[in-house]
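The values are calculated or read from the model by the stated rules, or taken from the named source; none is laboratory data. Owing to the predicted nature of the structure, the values given are computational and were not obtained by experimental measurement. Glycine gets a Cβ as well: all are built from the backbone with ideal geometry, and neighbour counts include every protein chain shown.
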Amino acid sequence: MKRESMAKFKEEFDYKSLCRRQDIELQKLVVEHERQQKAFEDVIERLTTETQHRVSEAQKNYSDSLEKERLKYREDYRDSIKKLQEKFKMNQKKIAMVPVEEVANLKKILQKESLLRTAAEGDINHLKNQMAEHKISEVSRKSEILKLRKMLENEAHHQEKLKGEIARLQSQLLQLDFEVNKTRQQASTFQVKHQQQASGENAMVAKLFEQVGLQKILSLLEAEDADLRIHAAKILANLAASDEETNQKKIVEAGGLTSLLTLLKNSQDETTHRVAAGAIANFAMNETNQDLIVAQGGIRILSMIAANAEDPQTLRMVAGAIANLCGNDKLQIKLGEEAGIKALLGMARSCSHPDVHAQVARGIANFAKCESRASTQDIFFSSKVDYTGTKGGKSLLIEDDVLPWIVQNANNELSLVRRHIELALCHLAQHEGNARDMIRGGALQELVRISRDCSREDIRTLARRTLISSPAFLAEINRLRIHY
């Protein structure tokens, strides 16, 4: 028991002594730590002082250097200013020595150069844009070129076929022309035989029409060869004349009449003008076709050809076409507005060929007859201003100065011309608004002569009835004491 207590005491003593030793060591460590902490703080303070000193020295050095540089740059700046001032003075002296005109020229040159530079820059930008577009479209162009090559190959193959077809058609056309000419030569000898040959000619034309086809004939109107165009126009003219109602309707529906007007307008060949005008004259026998011809500018085209043509046969065909249009009551105003009547008068004055005069006289007679028919309804006679159809106005024939030619040719040696002119005078005289102009123009004497000496009784009767029904004519006859 005593031993156990001793052991416990000894153990407690050992613990206490160990605690004292550890306290002593701890105090030593705290002191050492404080000493090291103080030394560290001294080092930090020393480093801080040295750093501040170095920074202040660096700032001082930099300030000195900056000041030196500033002074140096200031001196350089002053030297540069002096030099520039000297140069400026020298340049002013030089400019003072240069004439004012030269300065102005230099300014103009400078402005031009500026404009040229601006334009060049714009061109460069434009070219850049074009190059960009060209690069973009280059690929598509290559594909288009390939397509075009293929199309050209197909077109060349098709053209070879057309050449063979044209050669065959040309051979048929030449054969037809030969037969037609042969028929006409034989017809000049025997009239009965002419009728037989004419029917044969029409049969040949109809046969060719069936074999070749209307569209192929119409396509020849646009051929490059002038002979082919002429032959095609001849065929259409013969078809229109051989079976007027049926053939003309088919040709017009297929665009043949329009193609003939286009050919007449665009061609420069006199023969083409003659044949095309003859074909149009055949179509102008139909009232429906007449409206179509006028609607497509046919009067102006025919008037243009009439002004430029020199061949009497061409003028005859053109005059015949206009004469047919003159027989349509609805086209009277258009014929006046689009110089159709003036074209007739121009052809009569420029060409003395009897066939031309016969067609011109027929056209004037047709026009006068339509005016006479309209005058009974008070719907046509116009003033000089606008052809509007005012009651009591003058005839368009008088307005367009046709009356002198009518009076001059009233006793023409050609019976056909004379007959048409006599009828035209009678129709003009039926409207009282024309009486004074006819009296002044010498038409009254011709009317009296017609009432007495005309070979046709119906025209004599018409002239006499016209004279009796006009108060102005009766008064003038009594004043001049003319017996009729």
Quiz item: Which numbered condition trips up Asp225, out of (1) closer than 30 Å to Gln159 by Cβ; (2) buried (at least 16 other Cβ atoms within 10 Å of the Cβ)?
Solution: (2)
Practice problem: Spot the failing condition for Gln377; the list is (1) in a helix (DSSP H, G or I); (2) at pLDDT below 90, and only one is missed. | Solution: (1)
Self-check item: Wholly within segment 425-483, helices (runs of 4 or more DSSP H) carrying at least 3 residues that are more than 56 Å from the chain's Cα centre (by Cα)
Solution: 443-453, 457-469, 471-480
Practice problem: Residue by residue through segment 395-433, note down the ones that are within 21 Å of Ser375 (Cβ to Cβ) and not hydrophobic (A, V, I, L, M, F, W, C). | Solution: Ser395, Glu399, Asp400, Asp401, His420, Glu422, His427, Gln430, His431, Glu432, Gly433
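Each row is one residue, and each column tells you yes or no for (1) small (Gly, Ala, Ser); (2) within 21 Å of His231 (Cα to Cα).
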site	(1), (2)
Ser259	yes, yes
Ala309	yes, yes
Ala321	yes, yes
Lys330	no, no
Gly363	yes, no
